[in-house]
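Report on one structure; see the data block that follows.
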Amino acid sequence: MNTTPKLVTAAITAAFAAAGTAAQESVPSQLEAVLVRGILPDVLEAVPGSFSVVAEDELEARQPFSVKEALRQMPGVHVVDEDSFGLGLNIGVRGLNPRRSSRTLLLEDGMPLFLAPYGDPSAHYSTPLDRIERIEVVKGSGQVLYGPQTVGGMINFVTRPVPARGLVGRVSATAGNNDFRGLHANVGYGGGAGGIMLDVLQKRGDGVRRNHDFDVREYTLKGRLDLGPRHAVTAKASYYEEDSHVSETGLGTLEYAQDPFQAPTGRQDRFLHERRSFQLRHDFQLGERSLLSTQLYHSRSERASFRQINEPGGFDDAGNDSTGFSVLDRCGTPATEANAAVCGGRWRPREYEYWGIEPRLDFSHALFGIESDAVIGFRYHREDIERNQFRGADPRIQSLSFARNPLALSDGISQHREQIEIDVAARAWYAQNTFHAGDWSLTPGVRVEQVRMRTDVLRADGQPQNNPESRLANRQTEVLPGFGAAWNGIANTTLFAGVHRGFAPPRPDRDISTGGAADTAVVDDTRPEKSTNWELGVRSAYFRGVTFESTLFHTAFDDIVINNGAGSFINGGESEMSGFELAGRVDFGAVLGTLHNVYLVGAYTNLFTARFRKDGLDPEDGIVKGGRLPYAPRHLASLSLGYEHPLGIEARIGVDYVSRQQPDTFARVLPPVDAALSGLSGDIPSYALVNAAITYKPGGGSASFFLSGHNLTDRRYLVSRVDGMVAGRKRQVFGGVRYTF
């Protein structure tokens, strides 16, 4: 029997009791003194690892078009421009594949944002910039406090707090080329007993390719109730809706050469997404420096995608013997806007629901005669997932309601091609203690993840599944230790080092393969991804007007998971990523003591190693010892030159650079004909994008005017070959006005 969870639970219970006893000796007067709102602690000097923070004033200076542009200035972070507005967010940290950000833990105020954090960690939603107060990126050993994805980094979007005094609000309107329009309003009122805040936004515009328009709306209500000097409750409810024609179908080599921005089936291809979320947090201040916070969260997402082309750039979930629909073979001619309207296609509706509860205790103590800050907690998490797929040549299937009709048939074959149910139950225990000894801060920690995933394939290739191999309960228990050290012996300078064990649970949606018998599905019992992450670095503000952070990192994977085509993923064996990060800012106004400030701000990542350490078992997988990992550029750089005028004018111009990348390994060994036509094979050339922004806030008052441009040279560049060739965004310019009260 595994006793580790029980031991950790006992330790947490004992610590809660000890903290409660200590709390009776000193009753605080204000809860805000120890209120934790982000994933970073108040004392940043003691953080035993690399981190980056983008504050609201920096976001206003850069005027990013979406979250993607906001993240590019962070070292080690690679963002792929698959669509114009970050609707399907692709973020990779330190060489990890950025596809749908599945190896980067995304949070909003500490709540996970994925469709399903364990069962399907795909990012089809991220917090809009309009609601964000700051962005936190953590890549060091502090990740043991969060999960389940800890092989890479964490990104936490911290939203604006509920007003504490009187009426507060802001409204903004933006417009630009590519038919972009945006409206946002935020208003709140607060007093001694708490407050309430309403946030409303709408964004719409054209996508990267023709017929790829999008329309998103979000409504958020947030409230805070102070129950006394020691208790506070914060609640947040949000509704998000997306209706876009952005297709995941890429282009083949010939189509891309003819016109990289074409999307013949774009008028029919569609992505619908509804997301409802609720977050409740109770803060109970036990002592002067002890806070017990309990978070309850719930999310329900319904997403349905419709597409008409499997090829070129197919292989996404269709094997060689697939009956998958293709405009090319079902309509008899290559896809055009005209003939696509009279063809069928494929719907993939999916429903995700998860909830969790997490009590956490933050407290200070001197249990061993050393001043310490400790964190202990537990999380229980549940997920229910249902995945369906409907295919047919009848053009009426373009309607999702028709596709769901059990009486409708296509060519005598049931339109209902796939049905999979996934149930996840997860428990996590964690504990971390920071010892403060002189100039040193030592932080050991441990996280225990216990996961049970049940997968039941009810239908595959249109056939009901009754074989025992179509059902599986996959259980994992992982102990994930971490240790970090920080030294602050030099003024405003921290030297840090850390190591932690990373974990990414197996993906049940990717563990399904074809069995020996025809039309038989088999659920494979695959292994999770595990890594050991090391880093050594320094951050400093020693010189007036100069701040910088530099980190050397190394990540070793026991068994990395890669895409081997046909919609399946395999354990790719041992791999390693090593690199160097540098980020900094120089304010010459502070250096020279003038009110006119010229500044330089930038970030650089050199991923000098990102390779497989062993050959793969199957040559068709393309895994070769020493081969470079897919979508792991050697160089990432962002550099901006800015100017701040004392009358309220700020302007900047900069460049973002991404070096050459290699595609998925299986695409590197495709047969010559497939490689030449599919668009899956071949390198992704390097590119550099020029951006600029200017903001004017007259007299430092309530109104501000802004103008921002991205890819100002209108460079044509390739960003992905995951499902065929995908072009990056054209020039985007937008401007607007913002009023704060």
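The values are calculated or read from the model by the stated rules, or taken from the named source; none is laboratory data. All of these numbers come straight from a predicted model, not from anything done at the bench. When we count neighbours, we look across all protein chains shown, and the Cβ atoms used for this are built from the backbone with ideal geometry, even at glycine.
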Return the pairs, sorted by first residue and then second, in which the second residue is assigned to a helix (DSSP H, G or I), the first residue lies in region 459-479 and is buried (at least 20 other Cβ atoms within 10 Å of the Cβ), the beta carbons are less than 7 Å apart, and the residues are 6+ apart or on different chains.
-> 474/508
Under the condition of being part of a loop (DSSP other than H, G, I, E, B) and hydrophobic (A, V, I, L, M, F, W, C), which residue from region 341-357 is surrounded by the most Cβ atoms within 10 Å (Cβ to Cβ)?
-> 343
Of (1) surrounded by fewer than 16 Cβ atoms within 10 Å (Cβ to Cβ); (2) of a type in the set (Lys, Arg); (3) within 25 Å of the chain's Cα centre (by Cα), residue 209 fails just (1)
Do we have residue 673 as in a helix (DSSP H, G or I) and either at pLDDT below 95 or more than 28 Å from the chain's Cα centre (by Cα) (or both) here?
-> yes
Of the listed residues (624, 601), the one being under 30 Å from residue 534 (Cα atoms) and assigned to a strand (DSSP E or B) is 601
Set 325, 363, 368: member being at pLDDT below 90 and under 30 Å from residue 445 (Cβ atoms) | 368
Complete set of residues in region 663-677 that are touching a residue at least 12 places away in the same chain (Cβ under 8 Å) and out of contact with any Asp or Glu (no Cβ under 7 Å at 6 or more places or on another chain) = 663, 664, 667, 668, 676, 677
Which numbered condition residue 429 misses (of (1) surrounded by fewer than 16 Cβ atoms within 10 Å (Cβ to Cβ); (2) more than 15 Å from residue 345 (Cβ to Cβ)) = (1)
Breaking point among (1) over 15 Å from residue 65 (Cβ atoms); (2) not aliphatic (A, V, I, L, M); (3) not in a strand (DSSP E or B), for residue 178 = (1)
Residue check: is residue 658 of a type in the set (Val, Ile, Thr) and closer than 27 Å to residue 576 by Cα?
-> yes
Quick one: is residue 273 in a strand (DSSP E or B), in contact (Cβ under 8 Å) with a residue 40 or more places away in the chain and either under 30 Å from residue 399 (Cα atoms) or basic (Lys, Arg) (or both)?
-> yes
By residue number, the members of region 540-569 that are in contact with a Lys or Arg (Cβ under 9 Å, 6 or more places away or on another chain) and closer than 28 Å to residue 618 by Cβ are 555, 556, 557, 558, 559, 561, 563, 567, 568, 569
Checklist (1) at pLDDT 95 or above; (2) of a type in the set (Lys, Arg); (3) closer than 30 Å to residue 252 by Cβ; (4) touching a Ser or Thr at 6+ places or on another chain (Cβ under 9 Å) applied to residue 738, failing item = (3)
Any hit, region 221-240, residues being without any contact (Cβ under 8 Å) to a residue 40 or more places away in the chain and acidic (Asp, Glu) | no
For region 500-512, indicate whether the set of residues that are modelled with pLDDT under 80, part of a strand (DSSP E or B), under 25 Å from the mean Cα position of the chain (by Cα) and more than 30 Å from residue 444 (Cβ to Cβ) is non-empty.
-> yes
Taking region 528-543 and the residues there that are at pLDDT 95 or above and either of a type in the set (Lys, Arg) or touching a helix residue (DSSP H, G or I) at 6+ places or on another chain (Cβ under 9 Å) (or both), the one that is farthest from residue 559 (Cα to Cα) would be 543
Return only the number of the condition from (1) crowded, with 16+ Cβ neighbours inside 10 Å; (2) among the hydroxyl-bearing types (Ser, Thr, Tyr); (3) under 30 Å from residue 655 (Cα atoms); (4) over 27 Å from the mean Cα position of the chain (by Cα) that residue 542 does not satisfy.
-> (1)
May I ask you to list the residues in region 613-635 that are aliphatic (A, V, I, L, M) and crowded, with 18+ Cβ neighbours inside 10 Å?
-> 623, 629, 632
Exactly one condition in (1) closer than 23 Å to residue 80 by Cβ; (2) surrounded by 15 or more Cβ atoms within 10 Å (Cβ to Cβ); (3) touching a strand residue (DSSP E or B) at 6+ places or on another chain (Cβ under 6 Å) is not met by residue 680; state its number.
-> (3)
Could you tell me whether region 702-725 includes any residue that is under 30 Å from residue 590 (Cβ atoms), part of a loop (DSSP other than H, G, I, E, B) and among the basic types (Lys, Arg)?
-> no
Flag for residue 610 being within 19 Å of residue 720 (Cβ to Cβ), of a type outside the set (S, T, N, Q), touching a residue at least 12 places away in the same chain (Cβ under 8 Å) and in a strand (DSSP E or B) = yes
Name the one entry in 44, 96, 59 that is among the aliphatic types (A, V, I, L, M), modelled with pLDDT of 90 or more and more than 27 Å from residue 237 (Cβ to Cβ).
-> 96
Taking residue 654, is it over 30 Å from residue 701 (Cβ atoms), in contact with a strand residue (DSSP E or B) (Cβ under 7 Å, 6 or more places away or on another chain), at pLDDT 95 or above and of a type in the set (Gly, Ala, Ser)?
-> no
Just give me the residues in region 133-162 being surrounded by fewer than 20 Cβ atoms within 10 Å (Cβ to Cβ) and more than 30 Å from residue 560 (Cα to Cα), in sequence order.
-> 133, 134, 160, 161
Determine, yes or no, whether residue 573 is outside any strand (DSSP E or B) and touching a strand residue (DSSP E or B) at 6+ places or on another chain (Cβ under 8 Å).
-> yes
How many residues of region 236-270 are outside any loop (DSSP other than H, G, I, E, B) and among the β-branched types (Val, Ile, Thr)? The answer is 1
